[in-house]
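Q: Here you go, one structure.
The values are calculated or read from the model by the stated rules, or taken from the named source; none is laboratory data. A quick note: this is a predicted structure, and the numbers were derived from the prediction, not measured. Backbone-built Cβ (ideal geometry, glycine too); neighbour counts: all protein chains shown.
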Amino acid sequence: MLSILLAAALPAPVAAPAPAAANPPPATTLLRPQTVAPLPGGLDPVLLVNDNNPELITAPGILLSTFPRQGRGVPEAHLDVPLSGRFDLFSHHVYAGRPESLDSTLWLAVLAQPRGSQPVSLQLLAGSTALSQATDAVQPSAPFLPLPELLPQDGTVFSGPGSRVATELLDRYRSPLLPASWTLQPGAPTTLVVLPLPVKGLDPLLNGRNLQLRLQSQGPVSLATLAAFGTGDQPPPPGSWAALLEGPLSPKEHQPTPRGSKGKLIYSRVSGVQIGSVWRTTLTDPGRRWLSASRAPISWPISSLERGSLGTGQVQTAELQALYSGTAWAAHGNYGVEYDLAIPLRNDTKAPVQLQLALESPLKTDATVGGLRFNASPARAVMFRGSVEVSGLDAADGQAAGRRSFHLIQRAGQQGPVLGTLSLAPGSQRQLRVRLIYPADATPPQVLSLLPVAVPVPQPAVKQSPAPPASSQP
């Protein structure tokens, strides 16, 4: 006890001051103070068949089926969801070949059948498909090219099949590989399309295919996507696809973390029917029909998700009406979803205003941090490969331009690049419109940002000394 009391009575030793750092390490991230607001509106009720699990197909079988379970050989392989009127299909898979064959081709098929006893007309409103790498001149492809961060989109700029398909759908395109319509006869499935996923001649043996369809049905139908091997480079015989509907599922992958769990979150990939194909809305101030230009800097999340709401608390992820066990419980990423955003801007100040419009990839967070965080230096990971269509930016003459499209390559935590500027005189208005289809191979979330153009700080004049007299020496 005595030793304890003595120790308590003695003064504490004084620590030597730490040597000052000559050059403190640079900050790895930076905070941009601003408003981050929830995106108004919500997804429409259109059903979207989301076929992305497995992403890597390792065996033939049913990838996804909305056919009835009753009477099927493997009832649990079918989700039993009727599709009628407007509905969509998003399908994204990769194939890495077979160990016993270096030139194998996996074939993908889409089948549909009426739910009743009458024929049903099925129309393709828009549709596109692309491989990562084509092995012939027939199949469209889009390799993952290291493109600049911003390029004008003339319909030929792509990086990855998801980038190409989303770009073409944004332009309401229909691939010549896809029929314009089908008449579905009752009693048996109709094969809508059969597409190859080849690896012959590729190094490494890996290829991917993205397929997206915008469909209109005159009656309730069932839809299925299937994978099978043919003979050599020939597809399976036509009758084999219907027989495959009686078999099992192709093996799934990426078990998700259960909803509501703490700790690390594994989102998994989607295999189900989601509710929502388009997010269409108008961005305004509360209680007004326009957005004040003085709100800048302001950003709205695009494809915000669980633990990635950027402090808004808004999860834009589409819910699933039906899904397979062991796959994602929501459509994290909203792949294939169209965002159609109107921004009626008004300069309600007494001074001219110039703003910049940008799509950006801030660092993912769920916390409110008083703005958005970005990497101070470029990262390697690519977060977004795709196109954005904008109307209403400044043209060369300062007036509002018509529709313009851009292709973006964005890395983790990247600000900008700026898509363009808009100039508003006091009291003037400008109608902006931004459209994009969230592409496969992107990683959410992103933000749409309106930013004030920085006013250059006047630099003080530098007084120059008179030049010395020229030397007279030779």
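Q: Kindly indicate the residue of the stretch 57-112 that is over 28 Å from Val199 (Cβ atoms) and basic (Lys, Arg) and also modelled with the lowest pLDDT among those meeting that condition.
A: Arg72
Q: If Pro54 satisfies every condition in (1) surrounded by fewer than 20 Cβ atoms within 10 Å (Cβ to Cβ); (2) assigned to a loop (DSSP other than H, G, I, E, B) but one, which is the exception?
A: Failed condition: (1).
Q: Can you report the number of residues in the stretch 315-357 which are buried (at least 19 other Cβ atoms within 10 Å of the Cβ) and in contact with a Pro (Cβ under 8 Å, 6 or more places away or on another chain)?
A: 12
Q: Return yes when Gln316 is in a loop (DSSP other than H, G, I, E, B) and over 22 Å from Glu149 (Cα atoms) and no when it is not.
A: Answer is yes for this residue.
Q: Now a separate question. Could you list, in sequence order, the residues of the stretch 69-105 that are in a loop (DSSP other than H, G, I, E, B) and in contact with a strand residue (DSSP E or B) (Cβ under 7 Å, 6 or more places away or on another chain)?
A: If the condition is that a residue be in a loop (DSSP other than H, G, I, E, B) and in contact with a strand residue (DSSP E or B) (Cβ under 7 Å, 6 or more places away or on another chain), then His78, Leu79, Val81, Pro82, Ala96, Ser104 are the ones that fit.
Q: Shifting gears a bit: Within the stretch 157-167, can one find any residue that is within 20 Å of Tyr335 (Cα to Cα) and either among the basic types (Lys, Arg) or modelled with pLDDT under 95 (or both)?
A: So far as the stretch 157-167 goes, yes, one or more of its residues are within 20 Å of Tyr335 (Cα to Cα) and either among the basic types (Lys, Arg) or modelled with pLDDT under 95 (or both).
Q: Cβ-Cβ distance below 8 Å, separation of 6 or more or different chains: which pairs start in the stretch 220-236 with a residue that is within 13 Å of Pro82 (Cβ to Cβ) and end on one that is loosely packed, with under 15 Cβ neighbours inside 10 Å?
A: Pairs found: Pro220/Ser84; Pro220/Gly116; Val221/Ser84.
Q: Pull up the stretch 24-50, narrow it to residues that are assigned to a loop (DSSP other than H, G, I, E, B) and among the β-branched types (Val, Ile, Thr), then point me to the one that is farthest from Ser65 (Cα to Cα).
A: Checking each candidate, the answer is Thr28.
Q: Mind checking which residues of the stretch 278-288 are part of a loop (DSSP other than H, G, I, E, B) and in contact with a Phe, Trp or Tyr (Cβ under 8 Å, 6 or more places away or on another chain)?
A: Those that are part of a loop (DSSP other than H, G, I, E, B) and in contact with a Phe, Trp or Tyr (Cβ under 8 Å, 6 or more places away or on another chain): Leu283, Thr284.
Q: Here's a follow-up. Can you tell me which residue within the stretch 61-82, out of those that are more than 20 Å from Leu108 (Cα to Cα) and small (Gly, Ala, Ser), is surrounded by the most Cβ atoms within 10 Å (Cβ to Cβ)?
A: Once the filter is applied, the top-ranked residue is Gly73.
Q: Show the residue pairs that are 6+ apart or on different chains and have beta-carbon atoms under 9 Å apart, the first residue being within the stretch 273-295 and closer than 22 Å to Gln321 by Cβ and in contact (Cβ under 8 Å) with a residue 60 or more places away in the chain, the second being β-branched (Val, Ile, Thr) and assigned to a strand (DSSP E or B).
A: Once the first residue is closer than 22 Å to Gln321 by Cβ and in contact (Cβ under 8 Å) with a residue 60 or more places away in the chain and sits in the stretch 273-295, its partners that are β-branched (Val, Ile, Thr) and assigned to a strand (DSSP E or B) give Val273/Val49; Gln274/Val49; Trp279/Ile302.
Q: Of a type in the set (Gly, Ala, Ser), surrounded by 17 or more Cβ atoms within 10 Å (Cβ to Cβ) and at positive phi: which single residue out of Gly371, Gly398 fits that description?
A: Exactly one of Gly371, Gly398 is of a type in the set (Gly, Ala, Ser), surrounded by 17 or more Cβ atoms within 10 Å (Cβ to Cβ) and at positive phi, namely Gly371.
Q: Where the second residue is surrounded by fewer than 19 Cβ atoms within 10 Å (Cβ to Cβ) and at pLDDT 95 or above and the first is closer than 14 Å to Gln431 by Cβ and polar (S, T, N, Q) and lies in the stretch 388-408, which pairs have Cβ atoms under 8 Å and are six or more apart or on separate chains?
A: Matching pairs, first to second residue: Ser391/Arg404; Ser391/Gln431; Ser391/Arg433.
Q: Any chance the stretch 54-63 includes a residue that's among the small types (Gly, Ala, Ser), in contact (Cβ under 8 Å) with a residue 40 or more places away in the chain and not assigned by TED's automatic domain parsing to the domain that holds Ser303?
A: yes
Q: Please work out which residue is nearest to Tyr335 (Cα to Cα), limiting yourself to the stretch 289-306 and to residues that are part of a loop (DSSP other than H, G, I, E, B) and touching a Phe, Trp or Tyr at 6+ places or on another chain (Cβ under 9 Å).
A: Ser303
Q: Does Ala142 fit the bill of being of a type outside the set (S, T, N, Q), modelled with pLDDT under 95 and buried (at least 16 other Cβ atoms within 10 Å of the Cβ)?
A: No; evaluated as a whole, the condition is false for this residue.
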